[in-house]
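Only one structure is covered here, and it is reproduced in the block below.
The values are calculated or read from the model by the stated rules, or taken from the named source; none is laboratory data. None of these values were measured; they are calculated from a predicted model. Using ideal geometry, Cβ is built from the backbone for each residue, glycine included, and neighbour counts are taken over all protein chains shown. With ligands, DNA and RNA removed, areas are computed over all heavy atoms of the protein, side chains included. Shrake-Rupley method; radii C 1.70, N 1.55, O 1.52, S 1.80 Å.
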Amino acid sequence: MIIGSVMLKLAFICGLVAVSLLAMYDSKRFKQALPLKPDTVIIVATRAAFFFMSMAMFTMVWHFIAGDYSIMYVWTYCNNEMSLPYKIAAVFAGEQGTYLLWAWASFLFVWIVMEEYRFRNPLHKTTALIALIISIFILTLCIVSAPFKPILDMIDHIPADGNGLNPVFITVWMLLHPFVTFISYAATIIPASAAIAHLITSRNGWHRISKQWVRVSWFCLSICMATGGAWAYKLVGWNGFWNWDPVQTATLVLWMLLTAAVHILARYNEGKEYTTSAPVFTIFLFITTIYVTLITRHGIIHSLHDFPGTETVKWLTMSILVLCSISIVLGTIKFVRVAVTGARKKSIFSLHNTFLCTALLLIFIAFISCWGVTYSFISQHIFNTKVIIPSEFFNVWCYIPVVLLTILTGVCMMHGRISDTHLKHMVLLVSTATILLALTPSHPLIDPENKFIISSSVPVAILGSISVWSFLPPFLFAFTATLSKLLKDLRRLQGRMWVRAIGINMVHIGFVLIVLGAIITTSFDHEASIIYQIDELGEKIDVERGWTVEPTKFDAIQNPDGTWTQVAHLTLYKDDEFYSTGITGFTKTNQYGDIHNPLIDRSIRRDVYIQFQGTRSHISAEAVVLPLSIKIVPWVSLLWAGCITMITGIYCIIISIYLLVVKKREIAAELMRR
């Protein structure tokens, strides 16, 4: 038996031992029978489970580094030509590797929580028990996927070389994107377990366990979406950084819910605010990670995220149904049992109201995204009807909530700094300007000639006709309000609170920059398609708006496998002046299909994106035409700046909480010495 498989089974056994001991923790007979303290035995069993998981992970990484093609998974995603970083990254390229990472991170986080809280009260004990059960479930998914399956089960010899990664995976983003994705998923296990434990035991303090883990998950998923967007931006066929791909959309659902959870937990107050909704909502964060995994494992449309033929679909579906039932039952019991009282809110712009509206809008956007993906999933896999929800559906229904969220951002930043009367007048002014600009005929949200609009109802057509210029007043309001608050906080705060305030302000600035960048890049871009004859090399062709393209050279190289790589050398001109030069390539492969290497000229004001689609014959010596697709994308730098600003802000918030914990420990240690 392969060592990695043994390690996984040993981790499973140790996990079951820890769960059994925790389940019998309150039994006097059990405590008397143990030679050691129950706490010590449980911790040792959990450490052993994590140790064996780490050994399994290390074994898999070593198989990839060594090019051990006796393992089917290694042969599928590795070959002799790959460099060391990509061999390590390839561990997480497929279903088995991602399950392995998810299980490893789950046991790591459970161990950390156990070491931190031990078993001080029933809440901590039940949290550890539930988190261990969930981790064992994820480990079961990993074992079912058979990451260490021998290749000899499929063929009668061990190959000298492997299949290797799809060329689109050979990118720097591959080194980070899959890793942070499943770290984010694993981080939701702790808050979900603490929430279930709270609903079972009725003990308070669960939110103190949950808050930081929700932030960690939020931080990692933000990096996941930013790196995924940057990756998709270069992939031909994804139509830019965001294409409403089912997995992208499902991940957005989780990100929206995490963002809503951050706001809900910030206001959570047992018996007053979010008494029942906060723990139930937190449980649904983990349920959403399973939902995203289900969409990934059995994709709706062909995507790089698909793993067709997986054996874990039934496991994932059943776990969603079980966890939803548990959370609804426990939430209902608490709702009926606990009386909630709340103080009267004096201001319509109070944090209670603004945070509630923010959470509701985020949940609405998540629902729209979830419904679009789920409807397609149900249609395809239950009714055998392939229905793909177009991107226009999401754009139409999400635009107004995003505008309202932006206005709310400005309200939150201004509340308490000016009187409610002045703030009401300001909101009224911004809203009026937004409505007036929405009615302008310039740059509608959806092209009136679009098939989606033509076939839609009148209300949807009206929503699609809203001008994107309507986002300008909310953006200016939110950006100036947040920037002024940031400058004020820089002057008046110090220490940990300074770091926390800076982080909060940066998150909100990042948000409005991302939305602005997304709107500008998709609404004000310019596309053109041209076809050069091979004898037109050196001639300039106008593509409108002052842009001209000149193909200067065409090369074709035959690869060792018999395929041809075709390369077009181009020179760009803006208003008849030299702008830049570069190359764009195309390779037609037997294994991975068409591989494109677009030319992307980046600058602060705009990106120029040119794709060479390959000659029609796909044979170098017989090339007769050079088909090119050109796209001018304005101010995409705003979007990337927003991503960096938001992620940095979340990091600052996490660090500020860490500094608080360190300070409390220093104070406790000082008191102990006295």
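List of remarks:
- Gain in span if fully extended, residue 432 to residue 625, counting 0.36 nm per residue against the direct Cα distance: 64.2 nm
- Around the amide H of residue 202, modelled in the peptide plane, lies no amide H under 5 Å away from a residue 5 or more places distant or on another chain.
- Extents of the stretch 1-132, taken as max minus min of Cα coordinates on every principal axis and listed largest first, are 60, 27, 19 Å.
- Tensor-based shape of the stretch 337-441 (alpha-carbon gyration tensor, a/c under 1.5 rounded, otherwise prolate or oblate): oblate
- Computed over protein heavy atoms with a 1.4 angstrom probe, the accessible surface ordering of 651, 291, largest first, is 651, 291.
- Anisotropy class of the stretch 533-618 from Cα gyration tensor, a/c 1.5 cut: prolate
- Direction-averaged projected area, Cα convex hull, the stretch 468-521: 3.5 nm², rounded to one decimal.
- If the chain linking residue 348 and residue 648 were pulled fully straight, counting 0.36 nm for each residue of separation and taking away their Cα-Cα distance, it would gain 104.9 nm.
- Spherically averaged projected area in nm², based on the convex hull that wraps the Cα atoms of the stretch 171-222: 3.3 nm²
- Heavy-atom accessible surface of residue 223, to the nearest 10 Å², is about 30 Å², with a 1.4 Å probe and all protein chains retained.
- Nonpolar atom fraction for the stretch 1-136, defined as the carbon and sulfur part of the 1.4 Å probe accessible area, stands at 68 percent.
- Of the trypsin sites (Lys or Arg not before Pro) found in the stretch 538-572, those that fall in a DSSP loop while having at most 11 other beta-carbon atoms within 10 Å are 545.
- Extending 7 Å from Cα along the Cβ direction at residue 269 and again at residue 208 yields two label points whose distance is 1.8 nm.
- Each 10 Å bin from zero up to the one holding the largest Cα-Cα distance in the stretch 122-231 carries the following percent of pairs: 13, 27, 28, 19, 10, 3.
- Near residue 40: Cβ cut-off under 11 Å, other residues only, Lys/Arg at +1 and Asp/Glu at -1. The net charge is +2.
- Relative contact order computed over the chain (Cα-Cα under 8 Å; 6+ residues apart), in percent: 9 percent
- DSSP loop GluC sites (Glu not before Pro) with at most 14 other Cβ within 10 Å: longest gap in the chain: 82-310
- Residues residue 602 and residue 144, FRET efficiency given R0 of 41 Å [Cβ-Cβ distance, rounded to 0.05]: 0.40
- Largest-first ordering by accessible area, 1.4 Å probe, given options 262, 91: 262, 91
- Residues with amide H under 5 Å from that of residue 564, placed H, sequence gap 5 or more: 559, 588
- Shown in residue order for the stretch 563-575 are the 3J(HN,Hα) couplings computed by the Karplus curve 6.51 cos²θ - 1.76 cosθ + 1.60 at θ = phi - 60°: 7, 10, 9, 10, 10, 10, 8, 10, 10, 9, 10, 10, 6 Hz (x for Gly and Pro).
- Partner aspartates and glutamates whose Cα lies under 13 Å from the Cα of residue 588, excluding those fewer than 8 positions away in the same chain, are identified as 561.
- Hull shadow area, averaged, the stretch 443-585 [alpha-carbon convex hull, nm²]: 16.6 nm²
- Distance in nm between pseudo-label sites at residue 559 and residue 490 (7 Å out along the Cβ direction from Cα): 5.0 nm
- Relative contact order computed over the stretch 160-244 (Cα-Cα under 8 Å; 6+ residues apart), in percent: 31 percent
- For the stretch 184-235 and the stretch 541-617, distance of Cα centres in Å: 41 Å
- Gap separating the Cα centres of the stretch 270-299 and the stretch 362-427, nearest whole Å: 18 Å
- The H on the amide N of residue 581, modeled in the peptide plane, is under 5 Å from the matching H of 572, each at least 5 residues off or on a different chain.
- Unit charges on C-beta of K, R, D, E only; dipole of the stretch 32-126, Debye: 440 debye
- Out of every Cα-Cα pair that the chain contains, those further apart than 47 angstrom amount to 23 percent.
- Heavy-atom accessible area ranking, 1.4 Å probe, most first, across 378, 43: 378, 43
- With contacts taken as Cα pairs under 8 Å and at least 6 residues apart, the stretch 471-591 reaches a relative contact order of 14 percent.
- Value at 222 nm in deg cm²/dmol, rounded to 500, when DSSP H runs of n ≥ 4 in the chain each add -39,500 (n - 2.57): -21000 deg cm²/dmol
- Residue 375/residue 671 FRET efficiency (R0 56 Å; Cβ-Cβ; nearest 0.05): 0.45
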